[in-house]
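These notes are about the structure you will find just below.
The values are calculated or read from the model by the stated rules, or taken from the named source; none is laboratory data. Note that the structure is predicted; figures quoted are calculated from it, not measured. Every residue, glycine among them, receives a Cβ derived from its backbone with ideal geometry; neighbour counts consider all protein chains shown.
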Amino acid sequence: MVNIILVSHVKEIAEGAKKLAEQMKQGEVEIIAVGGTADGDIGTDPDAIESAVNEINKEDGIIILADLGSAIMSVNMVLDWLDDEIREKIVLADAPFVEGAVVAAVEAGMGNKIDEILESIESVDMIKKN
């Protein structure tokens with residue numbers, strides 16, 4: 001099953017998106033929320049992101065969603081640290097944070113493959129509100 005890591009500048013935002021996605025998921029999708037800095041401030045913590053990558057099941061792949069610019073930079077930094085074998089199983093999605101988390105959790109729970117999930121959450125239609 002594809003699993004999900006949510007990276008936000010704010011711990012409560014990451015945890016809130018996780019809570020919402022977990023309410024909608026089916027099956028045993030793992031979702032890890034990583035938010036804020038090590039000392040509890042607003043920001044991102046590459047070490048916490050790396051810990052999440054090491055902790056989560058990577059067998060069927062991992063989708064990472066990040067909220068803003070430096071979170072994306074932190075994720076990319078961590079991806080550069082990883083062995084190629086692990087890196088191949090991880091994708092930083094170009095998708096809206098909350099909507100992407102929910103749809104990714106639903107589709108992963110249905111057993112969809114990583115490419116199918118990315119096609120859905122990276123769609124331009126994902127951000128339309130009407």
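The table for this structure:
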quantity: Residue 58 more than 11 Å from the chain's Cα centre (by Cα) and among the basic types (Lys, Arg); calculated: yes
quantity: Residues of the stretch 24-39 classified as modelled with pLDDT of 95 or more and either polar (S, T, N, Q) or over 23 Å from residue 81 (Cα atoms) (or both), total; calculated: 2
quantity: The listed residue being at pLDDT 95 or above, under 16 Å from residue 93 (Cα atoms) and among the β-branched types (Val, Ile, Thr), out of 42, 72; calculated: 72
quantity: When residues of the stretch 89-118 are limited to those that are under 15 Å from the mean Cα position of the chain (by Cα) and among the acidic types (Asp, Glu), the one farthest from residue 72 (Cα to Cα); calculated: 107
quantity: Hits in the stretch 17-49 - residues which are surrounded by 13 or more Cβ atoms within 10 Å (Cβ to Cβ), under 25 Å from residue 113 (Cβ atoms) and not hydrophobic (A, V, I, L, M, F, W, C); calculated: 18, 22, 25, 30
quantity: All positions within the stretch 1-12 that are buried (at least 20 other Cβ atoms within 10 Å of the Cβ) and not in a loop (DSSP other than H, G, I, E, B); calculated: 3, 4, 5, 6, 7, 8
quantity: Filtered residues of the stretch 1-57 (kept if free of Cβ contacts under 8 Å to residues at least 24 places away in the same chain and on the phi > 0 side of the Ramachandran plot); calculated: none
quantity: Some residue of the stretch 4-12 being under 13 Å from the mean Cα position of the chain (by Cα) and more than 21 Å from residue 127 (Cα to Cα); calculated: no
quantity: Flag if residue 56 is under 16 Å from residue 91 (Cα atoms), among the β-branched types (Val, Ile, Thr) and surrounded by 21 or more Cβ atoms within 10 Å (Cβ to Cβ); calculated: no
quantity: Positions within the stretch 117-130 being surrounded by fewer than 14 Cβ atoms within 10 Å (Cβ to Cβ) and either modelled with pLDDT of 95 or more or aromatic (Phe, Trp, Tyr) (or both), in sequence order; calculated: 119
quantity: One residue from 94, 67 being surrounded by 13 or more Cβ atoms within 10 Å (Cβ to Cβ), of a type in the set (Asp, Glu) and touching a residue at least 24 places away in the same chain (Cβ under 8 Å); calculated: 67
